[in-house]
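Have a look at the structure below before the remarks.
Just so it is clear, none of the values below were taken in a lab; they were calculated from the coordinates. This is a predicted model, so every value here is computed, not measured. For neighbour counting, all protein chains shown are included, and Cβ atoms are generated from backbone atoms with ideal geometry for every residue, glycine included.
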Amino acid sequence: MDAVQIIGRIEEFLSGELYRRKILKAVTKGKNFLVVDFADLVKFDHELAEILLEDPEETIKAAELAVENFDFPAEARNFRIRFSNLPESQHVLIKDIRAEHIGKFLTFDGLVRQKSDVRPQVTSVRFECPACGNIIPVLQLEQQFREPSRCSCGRKGKFRIISKALVDAQMIVLEEVLELLEGGEQPKRMNIFLKEDLVSPLTEKYTNPGSKIRVTGIVKEVQKVLRTGTKSTTYDLLIESNYVVPLEEDYYETTISPEEELQIKELSQNPRVYELLIASVAPSIFGYDEIKEALLLQLMGSVRKERSDKMSTRGDLHILLVGDPGSGKSQLLKRISQVSPKGRYIGGGRGVSAAGLTAAVVRDEFLGGWSLEAGALVLTNNGLCCIDEIDKMTVEDRNAMHEALEQQTVSISKANVHATLNARTSVLAAANPKFGRFDPFSTIAEQIDMPPTLINRFDLIFPIKDLPDEIKDERAARHILRLHQSPDVIETDISTAFLKKYIAYARQNIRPEITDGALLEIKDFYVQMRNQQLQDERVARTIPISPRQLEALVRLSEASAKIRLADKVTRKDSRRAIKLLTYCLSQIGRDPITGAIDIDRITTGIPASQRDRIFTVRDIINELEQSIGKIIPIDAIQKEAVNRGMKEEDVEEVIERLKRTGDLYEPRRDHISRV
């Protein structure tokens, strides 16, 4: 086919009812581009589709010329044609690009690693000859700026620029997706050139660093220039993008068809909706019903509240799993990262840094200077981040999470870059006990090797103990072995794809309000828990629950209502939240001496009973100071403490703690004095 025939055939194709309607819709909405499905072009004219793949640049220009022949208003000029859904044969890995691919129309998948600012690029320039006044237009198709070589009057050089046409342009670096690589292969990178509508504010959010995208474009070569100023014989490669589509969508970008919406509403009316959804969360993992219920509530999320004084309350739930080795924590995390529309799994341990979790300042390859590179918590904004082996991370790296977990922002001030990034992310973390496996003779709170300030930011904490139980072990073994025998034996009523859509629909459309009955249920539980043990004012009171757990109850109740797609939070939702929170607190917050639930075991690391012993020893030291003097024998303190009902070993433990905190010191052997 020659150029005229190609334009004619494309005009005929676009004049069909489907695409003519699409073009009119785009023009009325103020869009200056049309996305053409390659499969439709193949059905219309197989030869034309082959020409597009072999000579894309000329064919795309012909398509744009064909659109200009339509009777459109003046503002619809410079209409662009974008092609999607190329055949599998055109999908190429970045590492496999060779010289034979130059000039071909191909598709690439990858992660955006870096992104330059949007800058204007010149596409055509009109020059005036100062000698004869002749106007010379020059198209700027290459990277180097071109001027006319000579005028028709014979003049060479020094032409005056009258006008120039500019378009918005941007460069991004695309890195290969790790799933497509083998073993120890290093992921390769490629520069992608975007312009015009591909850098509009609507499409630019798809190309933020960390986004997974599919780029359809033309492979081009760019000549290198050596330091000496001469041209090199080797060339750099560049992909001029024709179309970009995101491969990862967050909760609020997931598209739901009217048929799927009907199915979702139908399921929400099912009286067994809770059981069906909980069974679909992680069907291949045996047991853990309470944990699966909590994970489903986390996926649903609650309502973020923005107040008039600019203060906000987070709507995302954070969950921590602490369990024995081999209890399936990592499998749960992997599964939840796949169920969440924008989920990311991080291996954790020493391989994770503060910069990788929050944000880092890196040198900008394109513009020079410094730029910001987002970490995992920022990249999963409006999604879910699963962090495994959180206890193996260094203290400094873990401390970087404090702001992201509660305030849901990441602030950074380095190398003259001052920024605050959104990190509205639900965090699901997993850790092992301090000594590898839970000690049955010690409390669980003492065995979580994490700072109390960080633990306190998790709404729910689940200990997973691997204890021998003949009936349970027999059922678990049968379940695991059956999975090995036939991997696809587990079938649920709800598929993963539909579960994703259900969660996305609930997140997008449901904002439940708490009823007075539900509030009263939570308030009564809170007040009753805090005041169930009235004691002498001089004795340290047990704090079973704090305002942070009160907020967690509200979040869990709202998430429970979202499962039913209800616009009101009922007493039933509040009871479900209370049941889950009570289960967690009874597992990790029970004081071994008094038997009462004490939240301070988690939040401060010191239970009320231990604080009571500290107060008693301090009182004894104050009294003995008046009778003996500043330097007091430890024996005298122990004798008085035993008279007050304390054990000798408890007194020694309290004195050692006070010495470590700097309240006491030992001026001479077996004597102590206050600082």
Return the percentage of antiparallel bridges among DSSP beta bridges fully within the chain, rounded to the nearest 5 %.
70
Let me understand the chain better: what is its radius of gyration from the alpha carbons, and its Dmax, in angstrom?
33.0, 116
Exposure proxy ranking, count of Cβ atoms within 10 Å, fewest first, for Ser413, Ser284
Ser413, Ser284
Under the definition of Cα pairs under 8 Å and six or more residues apart, what whole-number percent is the relative contact order of the range 609-674?
35
Can you list residues from other chains, or at least 5 along the same chain, whose modelled amide H is less than 5 Å from the amide H of Met393?
Gly349
Solitary cysteines of the chain, where the nearest other Cys Cβ is not under 4.7 Å
Cys385, Cys386, Cys584
Quick one: plug the Kirkwood hydrodynamic radius of the range 609-674 (C-alpha pairs) into Stokes-Einstein at 10 °C, 1.306 mPa s, and report D in µm²/s.
136
Over the alpha-carbon set of the range 230-319, work out the extent along each principal axis and list the three values in angstrom, largest first.
74, 44, 33
Just want the ordering: Leu333, Leu658, from fewest to most Cβ atoms lying within 10 Å of their own Cβ.
Leu658, Leu333
Rg over Rh, two decimals, the range 92-246 (C-alpha only, Kirkwood Rh)
1.07
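Please report, to one decimal in angstroms, the Kirkwood hydrodynamic radius of the range 275-340 built from all distinct Cα-Cα pairs.
After inverting the pairwise mean of 1/r, the radius is 13.4 Å.
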Loop sites only, by DSSP: take the GluC sites (Glu not before Pro) in the chain that have at most 10 other C-beta atoms within 10 Å and name the longest stretch containing none of them.
183-490
With unit charges on the beta carbon (Lys/Arg positive, Asp/Glu negative), name the residue among Tyr583, Phe435, Thr107 whose Cα is farthest towards the positive pole of the charge dipole of the chain.
Thr107
Those chymotrypsin sites (Phe, Trp or Tyr not before Pro) in the range 27-109 that DSSP places in a loop and that have at most 15 other beta carbons within 10 Å:
Phe70
Which order do Asp650, Asp236 fall in if you start with the one that has the fewest other Cβ atoms within 10 Å?
Asp236, Asp650
Determine the dipole magnitude for the range 220-331: charges of +1 sit on the beta-carbon of Lys and Arg, -1 on that of Asp and Glu, nothing else is charged, the reference point is the Cα centre, and the result goes in debye to the nearest 20.
680
How large is the dipole of the range 318-465 about the Cα centre if only Lys and Arg carry +1 and Asp and Glu carry -1, each at its Cβ, rounded to the nearest 20 debye?
360
Starting from 0.36 nm per residue, how many nanometres of slack lie between Lys639 and Leu550 once their C-alpha separation is accounted for?
27.8 nm
Fully extended contour minus Cα-Cα distance, from Ile628 to Ser673, at 0.36 nm per residue
15.1 nm
Above 18 Å lies some portion of the pair distances; for the range 51-138, what is it as a whole percent of all C-alpha pairs?
69
The alpha-carbon center of the range 274-345 and that of the range 97-125 are separated, in whole Å, by 38
From the phi angles alone, apply the Karplus equation (6.51, -1.76, 1.60; θ = phi - 60°) to the range 127-139 and give each ³J(HN,Hα) in whole Hz, x where the residue is Gly or Pro.
9, 10, 7, x, 7, 10, x, 5, 9, 10, x, 10, 6
Quick one: Karplus J couplings for the range 628-635, per residue in order, coefficients 6.51, -1.76, 1.60, θ = phi - 60°, nearest Hz, x for Gly and Pro?
9, x, 5, 8, 10, x, 5, 4
Can you tell me, using C-alpha contacts under 8 Å and at least 6 residues apart, the relative contact order of the chain as a whole percent?
9
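Suppose R0 equals 51 Å; then what is the FRET efficiency for Lys43 and Met311 from their Cβ-Cβ distance, rounded to the nearest 0.05?
FRET efficiency, Lys43 to Met311: 0.35.
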Under the Karplus curve 6.51 cos²θ - 1.76 cosθ + 1.60, θ = phi - 60°, whole-Hz ³J(HN,Hα) for the range 378-389, x wherever Gly or Pro sits
7, 5, 9, 3, 6, x, 9, 10, 9, 10, 8, 6
Can you tell me the length gained on complete extension of the stretch Gln528 to Ser413, counting 0.36 nm per residue apart and subtracting the Cα distance?
36.9 nm
Per-residue ellipticity at 222 nm for the chain, helices alone: DSSP H runs ≥ 4 residues times -39500 (n - 2.57), over residue total, nearest 500 deg cm²/dmol?
-11000 deg cm²/dmol
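Can you compute the equivalent ellipsoid semi-axes for the range 318-465, i.e. the square root of 5 times each eigenvalue of the Cα gyration tensor, sorted largest first and rounded to whole Å?
Value: 30, 16, 13 Å, ordered largest first.
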What are the residues whose amide H is under 5 Å from the amide H of Gln114, where those residues sit 5 or more places off or on another chain and H is modelled from the backbone?
Val173
Enter the angle in degrees (range 0 to 90, nearest 10) between the Cα long axis of helix 3-14 and the first principal axis of the Cα atoms of the chain, meaning the one along which they spread out most.
50
Relative contact order of the range 283-426, defined on C-alpha pairs under 8 angstrom at six or more residues apart (%):
23
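Antiparallel versus total DSSP beta bridges in the range 318-465: what percent is that, nearest 5?
Numbers: 11 of 28 bridges.
Close to 40 percent.
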Radius ratio Rg over Rh of the range 3-85, counting only Cα atoms, Kirkwood formula for Rh:
0.93
Between helix 648-660 and the chain, what is the angle of the helix's C-alpha long axis to the longest principal axis, kept within 0 to 90° and rounded to the nearest 10?
40
Counting Lys and Arg as +1 and Asp and Glu as -1, each charge on the Cβ, what is the dipole of the chain about the Cα centre in debye, to the nearest 20?
1740
Would you calculate the separation in nanometres between label points at Val225 and His91, each defined as 7 Å from the Cα along the Cα-to-beta-carbon direction?
4.0
